[in-house]
Amino acid sequence: MGSIPLLPIPELFDLLREALDSRVDSLHRSLAAWTLLVAVGLILEYAPDLVKLCGKKQLEEHPWLWMRVYAFAGPILVTAGVAGELFVGAEFGLAEVRLRAFENLTNEQFRKTASEANRLALAAEANLAGALANAESAKATAKGFESKIADADARAAEARQMAEEERLARVRIEERLGGWRLDTQARQRLVEKLKPYAGTPFDLAVNPAEALFLDTLDGILGSAKWVRKIPKAPDGENISILLSNKAGINFSSGLTIEVAKNQWKEFGAAFTALVRGLNFEGIPAHGNVFLVGSNTEAIHIIIGNRQ
């Protein structure tokens, strides 16, 4: 056999209330029926008297013998109607008692439900307050993490800056130790700029630390068809001690290009092209126009140590 499904409490209460209300309505209808029966019995009981009032002399002389039956049935109907009224009244009172008891039970159930709802609401409010407190705590923790992350980012940025400064310092040291340099493309560009001045005489002086760049620059000038001369001393004699049989030796710093003022008309354009070409390629060449004290027959290129 299948089990009977249980109804929820609110629906069960609704069904019971409808049943009690229906019972009360039925008792009201029954009471009205019994009251009507009493009224009919009274009419039948007093029917002979009513006939007399209407002008009849003797009931026995009247041809309506059935009036006797009405006179006998009237008390019986009255008695039955009164008994029915008493019974219905008793049932009505019992129904009223049951209805009030049910209403009290319903109200009690509603109070319990409301109390439970209030308890659950208070618990929910407490849980909400706890959740809000946890959220605030989480926010504070997150802010702490954000502060720590910001501090870590600042330290990392500072470390990166220090590392970059160290790298640049190392690059500068390496460049200084590595001397002057020109890559292949820079050499080719410089050759193209100096070719228009082919045949220009030059001599070289170099710091021994820049021997490699001496060969580089001598190769560039040679490719541009410039003519290298033996360096001369101030007295006009050739210098006997040369580095790589090319250049006089000095211990200066920087890179200087010199030309005599009285030779500016002949060498000025080539002098300017060489100075500007080296500067364009990132080598800070310094141009110097001298009056006296040096050989005026060539452009002097003095390759000093890179600072």
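The values are calculated or read from the model by the stated rules, or taken from the named source; none is laboratory data. Just so it is clear, the structure is predicted and the values come from calculations on it, not from any experiment. As a convention, Cβ positions derive from the backbone with ideal geometry for all residues, glycine included, and neighbour counts pool all protein chains shown.
Quick notes on this structure:
- Any chance LEU221 is at pLDDT 95 or above, crowded, with 20+ Cβ neighbours inside 10 Å and closer than 24 Å to ARG306 by Cα: yes
- Some residue of segment 188-197 being out of contact with any His (no Cβ under 8 Å at 6 or more places or on another chain), closer than 21 Å to PHE280 by Cα and surrounded by fewer than 10 Cβ atoms within 10 Å (Cβ to Cβ): no
- Subset tally (residues that are in contact (Cβ under 8 Å) with a residue 40 or more places away in the chain, more than 17 Å from TRP226 (Cα to Cα), part of a strand (DSSP E or B) and not small (Gly, Ala, Ser)) for segment 242-268: 3
- Of the candidates ALA233, ALA205, the single residue that is assigned by TED's automatic domain parsing to the domain that holds PRO284, in contact with a strand residue (DSSP E or B) (Cβ under 9 Å, 6 or more places away or on another chain) and either of a type in the set (Asp, Glu) or free of Cβ contacts under 8 Å to residues at least 40 places away in the same chain (or both) is ALA233.
- Flag for SER115 being in the same structural domain as GLU18 (by TED's automatic domain parsing) and part of a helix (DSSP H, G or I): yes
- Single condition GLN109 does not satisfy, out of (1) more than 30 Å from VAL24 (Cβ to Cβ); (2) at pLDDT 70 or above; (3) assigned by TED's automatic domain parsing to the domain that holds ALA19: (1)
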